[in-house]
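The values are calculated or read from the model by the stated rules, or taken from the named source; none is laboratory data. Small disclaimer: the values here were computed from a predicted structure and weren't measured. To get the accessible areas, we keep the full protein, side chains included, count just its heavy atoms, and leave off ligands, DNA and RNA. Shrake-Rupley method; radii C 1.70, N 1.55, O 1.52, S 1.80 Å.
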Amino acid sequence: MSVDSRSTVSAGHAAERTAITILLAISASHMMNDTIQSLVPAIYPILKQNYALEFGQIGLITLAFQLTASILQPFVGIYTDRVPQPYSLACGMAATLCGLVSLSVAASFPMLLLSVSLIGIGSSVLHPEASRVARMASGGRHGMAQSLFQVGGNCGSALGPLLAAYIVLPAGQAS
């Protein structure tokens, strides 16, 4: 084996390790995002009690959350396909963080709606770009990359209600 072929093999192995590292990072950010997303419906009992909400108002919270998290997402994807936004991952997570912090201190029903909308916007901004990054880091193994990305989201969806049950519900909304 020549020196050139050994360096090519080493470079290929380093690139594969880098791609796996990127995929794990994207999967972890997907997990964090979906943890927060699944936390919202899990804290409905706290919100209902703290704000004396009716079920119709809980439905409005769900509507605001789903409109921003789900319906907005394809439009964000269409836009970022045309004009890639490399900072949208950080911006999406920042919007989610702002929504979560404002949710913890919300003093009114409109503030609850704004908070869950920010969480939804953060999610709709994160998903298209994170999915694109996973595909770019796939090295042609698109199925493996997408699966690893999805595992992060699924783990997050499972963690949110657990966090709600063991941390938020016993300690209250501010937690």
- 222 nm [θ] for the chain, helices only, -39500 (n - 2.57) per DSSP H run of 4+, per residue, to 500? -27500 deg cm²/dmol
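Please label the shape of the stretch 22-93 as rounded, prolate or oblate, based on the square roots a ≥ b ≥ c of the eigenvalues of the alpha-carbon gyration tensor (a/c under 1.5 means rounded; beyond that, a/b larger than b/c means prolate, else oblate).
On the way: a/c = 3.73, a/b = 1.82, b/c = 2.05.
Because a/c hits 1.5 or more and a/b fails to exceed b/c, the stretch 22-93 counts as oblate.
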- Heavy-atom accessible area of Val133, protein chains in place, probe 1.4 angstrom, given in Å² to nearest 10, is 20
- Message: For Cα extents along the principal axes in Å, pick the label among [x] 50, 44, 27; [y] 74, 37, 23; [z] 51, 39, 30 that corresponds to the value derived from the coordinates.
- Response: [y]
- Nearest 10, in degrees from 0 to 90: the angle of helix 55-66 to the longest Cα principal axis of the chain is 20
- Roughly how many whole Å is it from the C-alpha centroid of the stretch 58-81 to that of the stretch 97-114? 17
- Query: Hey, what angle do you get for helix 3-42 against the long axis of the chain, alpha-carbon based, 0 to 90 degrees rounded to 10?
  - Reply: 10
- Pulled fully out, how much extra length does the chain show between Tyr87 and Tyr166, if you take 0.36 nm times their separation in residues and subtract their Cα-Cα distance? 25.1 nm
- Per residue of the stretch 76-86, in order, report the coupling 6.51 cos²θ - 1.76 cosθ + 1.60 (Karplus, θ = phi - 60°) as ³J(HN,Hα) in whole Hz, putting x for Gly and Pro. 5, x, 4, 5, 6, 5, 7, 10, x, 10, x
- Whole-Hz Karplus couplings 3J(HN,Hα) for the stretch 147-152, θ = phi - 60° and coefficients 6.51, -1.76, 1.60, Gly and Pro as x, run 5, 5, 4, 5, 4, x
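Averaged per residue, what accessible surface does the stretch 88-146 expose to a 1.4 Å probe, in Å²?
Details: 2440 Å² over 59 residues.
Here the residues of the stretch 88-146 average 41 Å² of exposed surface.
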- Item | Calculated from backbone phi, Karplus (6.51, -1.76, 1.60) coupling profile of the stretch 97-107 in Hz, x at Gly/Pro | 4, 4, x, 5, 5, 5, 5, 5, 10, 4, 10
- Pop out the carbon and sulfur fraction of the accessible area of the chain as a percent, whole number, probe 1.4 Å. 70
